[in-house]
Amino acid sequence: MRETFAATVNRALDRDPRTAVVLAVISGGMFRSSARKHPGRVIDLGIREQAMIGVAGGLALTGMRPIVHSYAPFLVERPFEQVKLDLGHQDVGAVLVSLGGSYDASEEGRTHQSPGDVALLDTLPGWTVRVPGHPDEVRDALELDIPGDHRAYLRLSGTSNRAPLPVGPRLHVLRTGSPRSAGVVVAVGPMLDRVLEATADLDVTVAYTSTVRPFDREGLSALVGAAGNADVLVVEPYLRGTSAHEVSEALSDRRHRQLGLGVTRDTELRAYGTPAEHARAHGLDAEGIAKSARDFFLV
């Protein structure tokens, strides 16, 4: 995903004089050629993440389209006040592109982990949030967001599904349950392949999205209406329950049950481990998802 991001943005720099890239060292080598070709439009500020967002806000005020990139905790958490004020309060746009996901860089320790990034951005209005599940979806998302003037967050991951799917705003149905099905499962981004494996023996509808904000409330309502039960399981690669309020809004007209799977809220993992070991600890491997899905739907 990171390589696709860099290739897509380098092409955008060649084609659109409005685009600019703002960095804080991370991935700088991927834009050296563009920096030579487009002086002043590839800006590396060093390890100054707050300034990175402030500069992006300034560029946006002049009519530029800034693309800002770093690890998720350095892009969203550390400069959050600048994200809130220099972009949101000034009502200017930028494309923030993170890497590292929740724990892809687990060997770097907690400083490089950000399972709460989407939940934190959820406190601010007007953000488009995309969580691609395949490198091709990274390209498609950037081609949608770079030409605009809105605020967009693109969350790259080291985990990928086997095949790309549409990145548009609608839920994409992969498997349709029977009229008596147990309910609906929504898989977000790189969780899809694991969800399909985990729910293979359950009578459920499985839908996919890589665009989590705005959330397709209308689509979820329709899927639940066609299912046998108004039970919804959302599997997200970040903080557990991040989209619970979206499910509640979508189904506010009916009684329903919901369960969110994601990075646990009640446990701080202090061992470094591998990304696969972190996924297992949070119940986000196929086995953990299967157990949670059976316990939820087969009650």
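The values are calculated or read from the model by the stated rules, or taken from the named source; none is laboratory data. All figures in this text were calculated on a predicted structure; none of them were measured in a lab. Here Cβ is always computed from backbone atoms with ideal geometry, including for glycine, and neighbour counts include all displayed protein chains. Side chains included, ligands, DNA and RNA excluded: accessible areas come from the protein's heavy atoms. Shrake-Rupley method; radii C 1.70, N 1.55, O 1.52, S 1.80 Å.
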Inset, instruction - Classify segment 2-155 as rounded, prolate or oblate, taking a ≥ b ≥ c as the square roots of the eigenvalues of its Cα gyration tensor: rounded when a/c is under 1.5, otherwise prolate if a/b is larger than b/c and oblate if not. - result: rounded
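Share of antiparallel DSSP beta bridges in the chain, in percent to the nearest 5?
Here the share of antiparallel DSSP bridges comes out near 10 percent.
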Legend entry - Amide N proximity, segment 162-177 versus Glu197 label position 7 Å along Cα-to-Cβ, cut-off under 17 Å: 162-164
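Find the accessible area per residue for segment 2-155; the probe is 1.4 Å, ligands and nucleic acids are left out, and the unit is Å².
38 Å²
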Inset, instruction - Using only the alpha carbon atoms of the chain, find the Kirkwood hydrodynamic radius as the inverse mean reciprocal pair distance, in angstroms to one decimal. - result: 19.6 Å
Legend entry - Cα shape, segment 73-141, gyration tensor, a/c 1.5 rule: oblate
Legend entry - Note, ³J(HN,Hα) from phi for segment 102-116, Karplus 6.51, -1.76, 1.60, rounded to Hz, x at Gly and Pro: 7, 8, 4, 9, 4, 5, 8, x, 5, 4, 9, 10, 8, x, x
Legend entry - Nearest-0.05 FRET efficiency for Glu268 and Asp295, computed from C-beta distance (R0 35 Å): 0.90
Inset, instruction - With a 1.4 Å probe and every protein chain kept in, tell me what percent of the accessible surface of segment 172-296 is carbon plus sulfur. - result: 48 percent
Inset, instruction - Would you mind checking the tilt of helix 217-226 against the longest principal axis of the Cα atoms of the chain, expressed as 0 to 90 degrees and rounded to 10? - result: 20 degrees
Inset, instruction - Go through segment 292-299 residue by residue and turn each phi into a ³J(HN,Hα) via Karplus (6.51, -1.76, 1.60, θ = phi - 60°); whole Hz please, and just put x for glycine and proline. - result: 5, 5, 5, 5, 7, 7, 9, 9
Legend entry - Highest-first arrangement of 275-286, 229-240, where packing means the average Cβ count within 10 Å: 229-240, 275-286
Inset, instruction - For segment 39-165, give the percent of accessible area contributed by carbon and sulfur heavy atoms, probe 1.4 Å, rounded to a whole number. - result: 52 percent
Inset, instruction - With only alpha-carbon atoms counted, please give the Rg and Dmax of segment 132-255, in Å. - result: 14.4, 44
